[in-house]
1. So for segment B:117-234, taking the charge dipole from beta-carbon charges (+1 Lys/Arg, -1 Asp/Glu), which of B:PHE117, B:THR203, B:LEU141 sits furthest toward the positive end?
2. B:GLU288 accessible area, nearest 10 Å², 1.4 Å probe?
3. For the pair B and A, how large is the buried accessible area, both sides, in square angstrom to the nearest 100, if the probe is 1.4 Å?
4. Which three lengths, in whole Å and largest first, does segment A:193-340 cover when its Cα atoms are put on their principal axes?
5. To the nearest 0.05, what FRET efficiency results for B:VAL3 and B:GLU293 with a Förster distance of 35 Å applied to their C-beta separation?
6. Can you give the FRET efficiency for B:ASN315 and B:GLU57, using 1/(1 + (r/R0)^6), R0 = 35 Å, r = Cβ-Cβ distance, to the nearest 0.05?
7. What net charge is computed for the residues neighbouring B:GLY256, neighbours being all others with C-beta under 10 Å from the C-beta of B:GLY256, Lys and Arg scored +1, Asp and Glu -1?
8. What's the average, rounded to a whole number, of partner chain beta-carbon atoms within 10 Å of each residue's beta-carbon in A:118-130?
2 protein chains.
Amino acid sequence: MDVINVVVVGYGGMGGWHTDRIRDMEKFNLAGVWDIDPARLEVAKERGIRAYGSFEEVLADDSVSLLVIATWNDVHKPLCIAAMEAGKNVISEKPVTLSVVDLDEMIAVANRTGRLFTVHQNRRWDRDYLTMRQIVRQNLLGGIFRIESRVQGSRGIPGDWRKEKGHGGGMVLDWGVHLLDQALTLCDDDPLESVYAHVTHITNDECDDGFYTELQFKSGLRYMVEVTTNNFIELPRWYILGENGSTVIDNWDLDGKTVVVHDWSKIDSVPVKAGTGITKTMTPRTAETIHEEPLEKVHGEWVQYYDNVYDVIVNGATQIVNHRQMRRCIALIEAIFVSAERNEVIRFDDRFYRT
Amino acid sequence: MDVINVVVVGYGGMGGWHTDRIRDMEKFNLAGVWDIDPARLEVAKERGIRAYGSFEEVLADDSVSLLVIATWNDVHKPLCIAAMEAGKNVISEKPVTLSVVDLDEMIAVANRTGRLFTVHQNRRWDRDYLTMRQIVRQNLLGGIFRIESRVQGSRGIPGDWRKEKGHGGGMVLDWGVHLLDQALTLCDDDPLESVYAHVTHITNDECDDGFYTELQFKSGLRYMVEVTTNNFIELPRWYILGENGSTVIDNWDLDGKTVVVHDWSKIDSVPVKAGTGITKTMTPRTAETIHEEPLEKVHGEWVQYYDNVYDVIVNGATQIVNHRQMRRCIALIEAIFVSAERNEVIRFDDRFYRT
């Protein structure tokens, strides 16, 4: 079996994460790391990892065929382009870059050089996402008309470069890109028609420390994505509404349940007291017309991401996280910032879908 | 003490509710009811309530000074106007009418005749609303930046006239008007800048069976209002976010809690596993920087509504549910339908605030 030699560029939090996993995989060999911070290179050496002397040294190493770019977001573009021009395949950490214009330049280089160019959307393999997706695909709830996807923290914007606009900080570009990629991947063949978004600046002026976005797909599906960092009580991770039932997935541990109605015709509604009034419309259902089901938990095989990267490079397989999807996601992120800035609904057109 | 003679016009669900309560109040006397349905008049007689022979007979009864209009929504306007022209004071059930143009005609008649003209926004006295409001006013969470107000049922659109557009059916005009009035009353001196809304038609084509709306106030507050009828698992009734804490009120029984951070400076975040990745940003807080408080439940004195009606009529007091507020709420409802129809953000201007 061919083993692919990899260098991780940017040996911070995610860079360390990649090196650990690359060392575990038989198909890949960690050739070394490079970082602009000499202290990080020292850490690498202490861990028995080769520290390259410069980015140029990495590019010049003909034994290396794959780079993982895990730097600040604002330098993904020049590093990815330089790598591909030097004949390397590239995995970029997310977000792949900060604008569609920049991404188009990167895709053009990938097409011209024929190198692999992809982004590490690892959360397509998150168990909570896969569990949600299976419920949708198995049609467990009937026609799905709304999905709400939330990640809520309570620590404000992180204190590192993620609060700096120049480096591509903020929650839209950090957690947002994951949740938006999940939405777009679930609806891969369903055109996105419009987005309405607003961002928050509770703990930070420079970058958004949270955002809310309402997506409308051509099928009629409404999909709400929220990432927030000032929430001391959390709402569920997933809330899924179908014509005949609802599912809640509370957290990453997959607590939650599904409730399905099995008899729409049976009327068991008697008015109940609600505040100062009465309501028949909002009377909770009794057990005779609904049943509750536990979640069928779906396991996520994250290694499929690197397996696919290997198969693309060695066997010419089809890339899972592909250019069209990468472009769609960055286009959506651009639209979110425009929507929030103008307080307007942004409609998608060919500009956003051209690949 | 002067006792005010009242006739309830429309002896359906809410009409019956008003007659029961009027009979309990010393300041008011139930003179009788009128309904276009003879069967309902028979029910009234069986209960020992005088059934008037016609609406004209009610108007001609000089002993009657207050009418409660509890009919279909589409006939509130002619009935209220006829009543005021005949010298009667008027409480209309909500929604007071279906458009700002119609409401302006009604307000003009009220101003010309000098009669009381108000709408029964009883849910301003709901305990859950008052409990939320006290948390906001006591500044328990620091600056409030977002409020989410949800009422979720699972029975679809009701089977009666509430699913008929001609009678002013649908959830925006039914439960929506309550939740929107609550929002606008909480923010009575905070101009509404914009609204984005969409409506659902899951169980009904003619009228909306649910809606989502995102309000932006001039202060910066974002306020989300949702009424839905196809949700088999419920999210909390209230979700309130402040700079230093969050409150959840789960239901009308006031289950819930507040969590407040008392030490922003202390960093206790260690990365946790979340799906296929790790996160420091979303690590839950540990007990050392936050504390949890039970809800301080506020009791609602709904009778204050009728007490105020009495004081306005007898003592010239200031009307609690006033014309400006009524107009603002109907203007918002109009804007919600326009926003949903066009999939656009609607901005408010003088047209919506003129009274």
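The values are calculated or read from the model by the stated rules, or taken from the named source; none is laboratory data. This is a predicted model, so every value here is computed, not measured. Backbone-built Cβ (ideal geometry, glycine too); neighbour counts: all protein chains shown. Calculation scope for accessible area: heavy atoms of the full protein, side chains included, ligands and nucleic acids excluded. Shrake-Rupley method; radii C 1.70, N 1.55, O 1.52, S 1.80 Å.
1. B:LEU141
2. Near enough 90 Å² of accessible area.
3. Values: alone 16760 and 16780 Å², together 27560 Å².
Accessible area lost upon association: around 6000 Å².
4. 64, 43, 32
5. 0.20
6. For R0 = 35 Å, the calculated efficiency reads 0.75.
7. Values: positive: B:ARG237, B:LYS257, B:LYS297; negative: B:ASP128, B:ASP250, B:ASP253, B:ASP255.
Counting the neighbours of B:GLY256, the net charge comes to -1.
8. Across A:118-130, the average partner-chain Cβ count within 10 Å equals 2.
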